[in-house]
1. Which whole DSSP H helices in the chain pass both tests: a Cα extent of 30 Å or more along the axis and a mean Kyte-Doolittle value no lower than -1.0?
2. Taking the Cα centre as origin and putting +1 on Lys and Arg beta-carbons and -1 on Asp and Glu beta-carbons, what dipole magnitude results for the chain, to the nearest 20 debye?
3. Using the eigenvalues of the Cα gyration tensor, what equivalent ellipsoid semi-axes result for the chain when each is taken as the square root of five times the eigenvalue, whole Å, largest first?
4. If each DSSP helix of 4+ residues adds -39,500 (n - 2.57) and the sum is divided by the residues in the chain, what number results at 222 nm, nearest 500 deg cm²/dmol?
5. What pairs from K26/K84; K26/K135; K46/K135 go past 32 Å between their alpha carbons?
6. Could you give log10 I(q)/I(0) at q = 0.15 Å⁻¹ for region 1-83, computed by the Debye formula over C-alpha point scatterers of equal weight, without solvent?
7. Note the per residue figure in Å³ for the convex hull of the C-alpha positions in region 13-55.
8. Once you keep just the Cα pairs under 8 angstrom separated by 6 or more residues, what percentage relative contact order results for region 6-140?
Amino acid sequence: MNDYTEAMVWINLSQRDHDIAFHLQKTFIPLPVETICFHSQQAVEKALKAILAYYEADIEYTHNIRTLAELCKAHTDVVFIDDKTVDTITAFAVITRYIEDRRDYTEDTANFALKQANLALEAVKQFLEKSETEKGNSNN
């Protein structure tokens, strides 16, 4: 059984975080790099949790993208994040909260984070739409 409705709740939460990061990138000077990185990480995390929700799997209380990606791989190969990106994006959940840990973050860091959030969100949306279309076609 698949739970498209619950998955879409997570997609909407992911979209909200993505949109916040995008808005900050387009409107704030100086750029709030750490906040963009944090919301981008949240968007990736919630997109992965949408996959788990779709498959009615347990959703762990974790910010670790690697853990979530591994859990998703048990259900689908839609997970597209490479190892280096996983570790970088995961770090944004916590490191952005501490001034001494975010000194090296730049506009390029924020752009990278937002790009990853966009890729994750779009990939999961497409996956869910395709899965629902295929499910509908198999019911006919």
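The values are calculated or read from the model by the stated rules, or taken from the named source; none is laboratory data. Remember, it's a predicted structure, so these values are computed and weren't measured experimentally. Glycine also receives a Cβ, built like all others from the backbone with ideal geometry; neighbour counts cover every protein chain displayed. SASA here: full protein model, heavy atoms, side chains in, ligands and nucleic acids out. Shrake-Rupley method; radii C 1.70, N 1.55, O 1.52, S 1.80 Å.
1. Numbers: long enough: 4-27 (33 Å, -0.46); 33-54 (32 Å, 0.44); 107-138 (46 Å, -0.73).
Membrane-span-like by this criterion, though nothing is claimed about a membrane: 4-27, 33-54, 107-138.
2. Values: 14 positive and 23 negative charges, 56 e Å.
Dipole size: approximately 260 debye.
3. Values: eigenvalues 168, 47, 26 Å².
In descending order the semi-axes read 29, 15, 11 Å.
4. Values: 5 runs with 96 residues, N = 140.
Helices in the chain give a 222 nm mean residue ellipticity of -23500 deg cm²/dmol.
5. Numbers: K26/K84 26 Å; K26/K135 38 Å; K46/K135 23 Å.
Over 32 Å Cα-Cα: K26/K135.
6. -0.55
7. Values: hull volume 1.7 nm³, N = 43.
In region 13-55, the Cα convex hull volume per residue is 39 Å³.
8. Values: 159 pairs, mean separation 44.5, N = 135.
Relative contact order for region 6-140 comes out at 33 percent.
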